[in-house]
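All remarks here apply to the structure that follows.
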Amino acid sequence: SNMAEFCVRSVLVTGANRGLGLGLVQHFLRMPNLPQWIFAGCRDPKGQRAQELQNLASKHSNVVIIPLEVANPNSIKAAAAKVGEHLRGSGLNLLINNAGMAKPKSLDNETLEDMTQVYTTNTVGPLLMGQAFLPLLKKAAQGSPGSGLSCSKAAIVNMSSYAGSIQDMYVWDFGQVVSYRCSKAALNMLSKCQSLAYKEHGILCVALHPGWVQTDMGGGAGSFKPPLTVDDSVQGMLKVLSSISEKETGTFLDWEGKVVPW
């Protein structure tokens, strides 16, 4: 399998203090080829909700917690500078835009404030992250041999959702979550735009649906439990990331590597 050879020298995961973000950090720590740097972006590193991430960072010197609020351009700039300092002239191989939010509202209850907040975090955040980290991603691509694209070389992975598929309108009856759906449909377009704009720099860009996962955000109402555990989702996604190349840039894939309809 590609997993054995999969080697990412440096990776940044946003929203890394819980859910899928934390799961990704944990799994990168278990990889046969351990990344030299795992940058864990988190809004409130000193807070109660970052305790597990703090514990990991205290045990593993390659885990660096980066204060990062993806809805704040200044916070993003500061994070890029900090990551650059650690990398000391080498680039960032993999940017995983995982931080996201949802407000479980029906169409009738959507408001300007909620729609704007969700869109800012889920869509504008990944746009600004791509801009701020582009120099580091370019540097990684230049320092990597060969002309092909891969996640080991330089890549942006945008954590999307099947809920953003206009064609399928996944689980509409379970929840309209209109602002979330709109933000993810827009994120898919952003991923496509990034793939076209950044291809010449040797950077792969992909939108990834992690499955419907048992996290605080994936939730579940009452006795309902989403079908996937964080572990299964993350293992699947890493397998996908280990195997994709230029023909997958600009696509929308799920945690098993299947193409999700736009």
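The values are calculated or read from the model by the stated rules, or taken from the named source; none is laboratory data. Only a predicted model underlies this, so the values are computations on that prediction, with no experimental measurement involved. Cβ sites come from the backbone with ideal geometry, for glycine too, and all protein chains shown count toward neighbours. Side chains included, ligands, DNA and RNA excluded: accessible areas come from the protein's heavy atoms. Shrake-Rupley method; radii C 1.70, N 1.55, O 1.52, S 1.80 Å.
Among the residues of the stretch 136-194, the ones that are over 18 Å from residue 87 (Cβ atoms), over 17 Å from the mean Cα position of the chain (by Cα) and surrounded by fewer than 16 Cβ atoms within 10 Å (Cβ to Cβ) come to 12 in all.
Any residue in the stretch 150-160 that is part of a helix (DSSP H, G or I), of a type in the set (Ser, Thr, Tyr) and either under 20 Å from residue 118 (Cα atoms) or modelled with pLDDT of 95 or more (or both)? No, the stretch 150-160 contains no residue that is part of a helix (DSSP H, G or I), of a type in the set (Ser, Thr, Tyr) and either under 20 Å from residue 118 (Cα atoms) or modelled with pLDDT of 95 or more (or both).
Taken over the stretch 68-103, the criterion of being in a strand (DSSP E or B) and either under 26 Å from residue 179 (Cα atoms) or at pLDDT below 95 (or both) is satisfied by 95, 96, 97. Within the stretch 13-30, the set of residues being touching a residue at least 40 places away in the same chain (Cβ under 8 Å) and part of a loop (DSSP other than H, G, I, E, B) comprises 14, 15, 16, 18.
Scanning the stretch 212-262 for residues that are at pLDDT below 95 and in contact with a Pro (Cβ under 7 Å, 6 or more places away or on another chain) yields 212, 213, 214, 218, 220. A single entry from 104, 145 fulfils the requirement of being without any contact (Cβ under 8 Å) to a residue 24 or more places away in the chain and more than 19 Å from residue 43 (Cβ to Cβ): 145. Residues in the stretch 101-131 that are under 16 Å from the mean Cα position of the chain (by Cα), open to solvent by 30 Å² or more (accessible area, probe 1.4 Å) and more than 14 Å from residue 203 (Cβ to Cβ): 101, 102, 119, 120, 124, 127, 128. Inclusion of residue 45 among residues that are open to solvent by 40 Å² or more (accessible area, probe 1.4 Å) and either of a type outside the set (Val, Ile, Thr) or in contact (Cβ under 8 Å) with a residue 60 or more places away in the chain (or both) is not warranted. Only a single item in (1) among the small types (Gly, Ala, Ser); (2) open to solvent by 10 Å² or more (accessible area, probe 1.4 Å); (3) out of contact with any Lys or Arg (no Cβ under 8 Å at 6 or more places or on another chain) is not met by residue 257, and it is number (3).
In the stretch 190-215, the residues that are under 15 Å from residue 258 (Cα atoms) and of a type in the set (Gly, Ala, Ser) reach residues that are assigned to a helix (DSSP H, G or I) and modelled with pLDDT of 95 or more with C-beta atoms within less than 6 angstrom, at least six apart or across chains, in these pairs: 207/188; 207/191; 211/233. For the stretch 172-193, residues that are in a loop (DSSP other than H, G, I, E, B) and under 15 Å from residue 125 (Cα atoms) total 0.
Taking residue 195 as the residue in question, decide whether it is touching a helix residue (DSSP H, G or I) at 6+ places or on another chain (Cβ under 7 Å) and either of a type in the set (Gly, Ala, Ser) or under 26 Å from residue 32 (Cα atoms) (or both). Taking the combined requirement at face value, the residue does not satisfy it. Sub-7 Å Cβ pairs linking a first residue in the stretch 110-132 that is farther than 19 Å from residue 176 by Cα and without any contact (Cβ under 8 Å) to a residue 60 or more places away in the chain to a second residue that is open to solvent by less than 20 Å² (accessible area, probe 1.4 Å) and assigned to a helix (DSSP H, G or I), at least 6 apart or interchain, are 128/76; 132/76; 132/80, ordered by first then second residue.
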